Each structure stands twice: as structure tokens, then as C-alpha cells.
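Here the structure comes first, spelled out in C-alpha cells, and everything after it is commentary.
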Amino acid sequence: MTNPDPRNDLAALRKEYRLHRLSELDAEPDPLRQFERWFDEATAAGEAEPNAMILATSTTDGRPSARVVLLKRADAQGFQLFTNTSSRKGDELSANPHAALVFFWPLLERQVRIEGRVEELTRSESAAYFASRPRESRIGAWVSQQSSIIPSRESLERAMEEATRRFGDGEIPLPDHWGGYRVIPERIEFWQGRENRLHDRILYQRAADGWNVGRLSP
Ligand SMILES: Cc1cc2nc3c(=O)[nH]c(=O)nc-3n(C[C@H](O)[C@H](O)[C@H](O)COP(=O)(O)O)c2cc1C
């Protein structure tokens, strides 16, 4: 017997969340500590790419766009990601330096939402991370004109072969169009799925001297 196509019954696809709970009494006073705790738990639970996150940006006239990127560092200053700065996201961030990030860790029935202002990393911060990437990825960064239309897959592979020949065994410098951004959180929400859609939502909002912590209705 063939399985019924689940798309025929999207309205009936649902899951009860019962694994964990999150109380304002247990939550860390500092959201970065809370993030680290949940990140470590997501990793230990076996999430395939715990550092994959949705990055939402927007044009100045309020048209949003979103895509997955990888978190490369989280510290007291913010959440770092790396990309082609001439890409669609790069253009949107230079015109409107505000973004939202979303992590979804389904094995733990958890979501983390982060919103804030965005700043570009310094060239030396970006160069330090760039140098840690595999050689082929560094060459790839020179070859990719991320988000522009190209004639074909073959043209991309030819450009990669040419760049590989050109660089030979030499050093691969940081391209001008490549670098990192830091999302400086103003708001971080930790969402824990619960029974009957009565989820736990703990919200941290930046205040003059630290963080205000509260609970949102599910
Ligand atoms: C799991 C995953 C990780 C990704 N990580 C990155 C990343 O760290 N940086 C990046 O520029 N694109 C990354 N991408 C590709 C982006 O989703 C996107 O296709 C690309 O950045 C172009 O986006 P834009 O046209 O909106 O600028 C990743 C995609 C997936 C599915």
C-alpha cells in the first residue's frame, strides 16, 4: 500500500509538544547564557545543524526577505554571520541595518528569535574568520557573485577552475565583497513548545542596565 500524500491533509498535520518546559525562574538572567545553554542542548540532542538560522532583512520600503545562514560566533556583543556583502542580504543590510534571526530546534521543540541592529565586522575580524575557512571555500568566495543571475552552472565551474589556477599555491586574500555582520540583540525570545499550544515564551528586552525578562502569551 502506498502512503497517503501528507500534502493532501496539511490541516491535519500537527504535533503535541511535551518534552520540556521553560520558566522565568529557571531562565538565566543573561539571554546569552540562556542561548548558550539551549545551543549546547540542541547540539547534544543531535540537531543536524544547530547553528543554522533564518536571517530576515528588509528593504527601506518594508519588503522583507529571509534565508538560512550559519551562526559563527555568539558573544556579549552579538550574533555573527558571514556572507557576500554585495548579495541581496548585504544590499538590504547596508540600506536598513536591522535584522531578525530565528533558530528552530525541532528535536527539543524549541525556537529562539533575536532582533536588533546590525553592524559590519571590522576587516580584521572578517579576515581572521576567512583565513579559517577551507581553501576551496576561500576561492569560491572570489568566484561567487552571490545573488546575481549567471548564465549556467558550467560558467561557475569554469570560473572556479580559472581562479584555482590563478591563485596556485599562493595566499587567498579576503575579497572586498565578503565579510561578517553582527546582529546586536535588542530582543531575544525563547520559545518552548508545550501541551495544547500553551507554549512557554520568555522574552528578554534590553534595558539601560541589563535585561528585562517577561513572559509572553503563547
Ligand atoms: C544550511 C544553510 C546554511 C547556509 N549558510 C550560509 C552562510 O553562512 N552565509 C551565506 O551567505 N549563505 C548561506 N547559505 C545560503 C543562503 O541561504 C542564501 O542562499 C545566500 O546567502 C543568498 O542569499 P541572498 O540572495 O538573500 O543574499 C546557507 C544555506 C543553507 C541552507
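Residue check: residue 166 meets all listed conditions (1) touching a strand residue (DSSP E or B) at 6+ places or on another chain (Cβ under 6 Å); (2) more than 16 Å from the ligand (Cβ to nearest atom) but one, namely (1). Condition check for residue 166 on (1) closer than 18 Å to residue 114 by Cβ; (2) in a helix (DSSP H, G or I): one failure, at (1). In segment 140-198, what residues are over 30 Å from residue 96 (Cα atoms), out of contact with any Asp or Glu (no Cβ under 6 Å at 6 or more places or on another chain) and polar (S, T, N, Q)? The answer is 152, 155, 164, 196. Under the condition of being part of a helix (DSSP H, G or I) and not charged (D, E, K, R), the residues counted in segment 59-95 number 4. Would you mind stating whether residue 174 is outside any loop (DSSP other than H, G, I, E, B) and either out of contact with any Leu (no Cβ under 6 Å at 6 or more places or on another chain) or farther than 19 Å from residue 90 by Cβ (or both)? So residue 174 fails the test.
In this structure, residue 120 does not qualify as closer than 30 Å to residue 215 by Cα and modelled with pLDDT of 95 or more. Just give me the residues in segment 41-81 being without any contact (Cβ under 8 Å) to a residue 60 or more places away in the chain, of a type in the set (D, E, K, R) and more than 10 Å from the ligand (Cβ to nearest atom), in sequence order. Passing the criteria: 61, 63, 73, 75.
The values are calculated or read from the model by the stated rules, or taken from the named source; none is laboratory data. None of these values were measured; they are calculated from a predicted model. In this analysis, Cβ positions are derived from the backbone assuming ideal geometry, glycine residues included, and neighbour counts consider all displayed protein chains.
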